[in-house]
Amino acid sequence: MRAALAAPLAAVLLLASTALAAIEAVGSLDGVTIIDRLDVADIAAGSTQRFWFRAGTSPVGQPWLVPVVVVKGAQPGPRLMLTAGIHGDELNGIAVLHRLAASIDPARLSGTVTLVPGLNPPGLMQSSRGFTPDWTRSAANLNREMPGKEGGSAVADFAGRLWNRLIRPNADTAVDLHTQSRGTAYMMYVFASSPRTRRMAELLGPDIIKMDKGDKGTVENTLTDDGVPAVTLELGRPEAFDDVMIGRAEAGLANLMRELKMMPGAVTPPPARLFVANDIMAARATQPGWARLLLPIGAPVKKDQPLAEIRDAFGRLLETVVAPVDGRINMVATDPRTDQGGTIARIVWWSPDPACQNGC
């Protein structure tokens, strides 16, 4: 039996090693090569390759496998890294990368696009924002763990392998795709932190750009701080595929690739509706109860304009939540059950403070 299995596996590995040059294959699953490390310089020009990247081991001794697609252009050019699913309930970006992987023609591409549609397998399996490989109720946020540390804790090791062996060595420019998490929704919304990344954000064609210094340990900020311009692209609601958002993101990423001279064609200018902000304020309920929104997501608002009503168990009005500042609604709570102090909406606005030019 072992001899019978060894021959086909050896043939698969030989074929993989011929096509991938110095990339070391460690096995295969359903005909897809499993790798421990990726260097896109070793991929044949003018080809599309699919891999499972081994990012560590689960508590039951099985590998965590992350899907990777590499589209290597026939001509040299930049290396664009596209990632999605680092929060396991944020799914639209995964469909965007699936569509791009199927539509990018390597014969017409200059450079390399690496697509990672599912950075957080345990979170995706449990539809959890966190990195949840076990029963823990206090799961780590994988998007606060970069660059990680191989040999550290489970989440630090996982993040370190992603960073050192997959993401950082293969990126000149990057976009990390998200949605809002459970119980909330975003507009099509981009976080940027510098003039260069603001330009990237404009090319993606969102409704709102938030200039933002960001959080330590995110894919976006860790890359940008290391010299790789990166943005976070937010795409609506969690736990669903929204074809409108997915189509807009696919078009925006293609536009970015045209700006980078990776694809032929004219670059589309930013949409006229684009709203750029550098600060954000939450509108919160002071009373617990049932919330009913009075304005839709994306609506412009004035300070003290009513945003929502909070009612008690009998439907009696407890309070009216108002806008804390002039601006635009970029996020709303979609779950009407509201705790005391719960966020009803977030308002983005432009602060005139010079220190806030690239985000307060």
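General remarks:
- The simple spin-label model puts a point 7 Å past each Cα toward its Cβ; for LYS303 and ASP36 those points are separated by 6.0 nm.
- The chain: DSSP helices with Cα axial extent of at least 18 Å and average Kyte-Doolittle hydropathy no lower than -1.0: 2-20, 243-259
- Kirkwood-Stokes translational diffusion coefficient of the stretch 68-205, alpha-carbon pairs, 25 °C, 0.890 mPa s, µm²/s: 154 µm²/s
- Percent accessible area from carbon and sulfur atoms, the chain, protein chains only, probe 1.4 Å: 55 percent
- Stretching THR57 away from ASP326 to a fully extended chain increases their span by 92.0 nm, per 0.36 nm per residue minus the current alpha-carbon distance.
- Each principal axis of the stretch 159-214 carries a Cα extent, and these read 34, 31, 19 Å when sorted largest first.
- Phi-based couplings in Hz for the stretch 214-228 (Karplus 6.51, -1.76, 1.60; Gly and Pro marked x): x, 10, 4, x, 7, 4, 4, 6, 5, 5, 4, 5, 9, x, 10
- Listed by chain and number, the lysines placed with their C-alpha closer than 30 angstrom to that of LYS261 are LYS72, LYS210, LYS213; residues fewer than eight positions away on the same chain are left out.
- What the Cβ-Cβ distance of GLN340 and ALA240 gives, at R0 = 45 Å and to the nearest 0.05, is a FRET efficiency of 0.95.
- Antiparallel DSSP beta bridges within the chain, as percent of all bridges there, nearest 5: 65 percent
- Expressed as a fraction of 2.2 N^0.38 Å, the value expected for a compact globular protein of N residues, the C-alpha radius of gyration of the chain is 1.07.
- Overall form of the stretch 135-190 per C-alpha gyration tensor (a/c, 1.5; a/b vs b/c): oblate
- Hull volume in cubic angstrom per residue (convex hull over the Cα atoms of the stretch 221-265): 86 Å³
- Taking 0.36 nm per residue of separation and subtracting the Cα-Cα distance, full extension of the segment from ASP172 to ALA355 would add 63.1 nm.
- Each of the peptides 88-95, 195-202 was scored by the mean count of other Cβ atoms within 10 Å over its residues; in descending order, highest first, they stand as 88-95, 195-202.
- Once the Cα gyration tensor of the stretch 268-360 is diagonalised, semi-axes √(5λ) in Å: 28, 14, 10
- Comparing ALA154, ALA299, ALA45 in a Gaussian network model of the chain (Cα springs below 10 Å), the most mobile by mean-square fluctuation is ALA299.
- Each stretch of four or more DSSP H residues adds -39500 (n - 2.57); spread over every residue of the chain, this sum gives -6500 deg cm²/dmol at 222 nm.
- Stretching GLN126 away from LEU317 to a fully extended chain increases their span by 65.1 nm, per 0.36 nm per residue minus the current alpha-carbon distance.
- Residues in the stretch 254-284 that a label on SER110 would reach, taking backbone N under 18 Å of a point 7 Å out along Cα→Cβ: 254-268
- In Å², nearest 10: area of SER103 left accessible to a 1.4 Å probe: 70 Å²
- Convex hull volume of the stretch 186-280 per residue (C-alpha atoms, cubic angstrom): 111 Å³
- Net charge of neighbours whose Cβ lies under 10 Å from the Cβ of ILE23, counting Lys and Arg as +1 and Asp and Glu as -1: -3
The values are calculated or read from the model by the stated rules, or taken from the named source; none is laboratory data. All values reported here derive from a predicted model rather than from experimental measurement. Here Cβ is always computed from backbone atoms with ideal geometry, including for glycine, and neighbour counts include all displayed protein chains. Ligands, DNA and RNA are stripped out before the accessible areas are found, and what is left, the full protein with its side chains, is counted by its heavy atoms. Shrake-Rupley method; radii C 1.70, N 1.55, O 1.52, S 1.80 Å.
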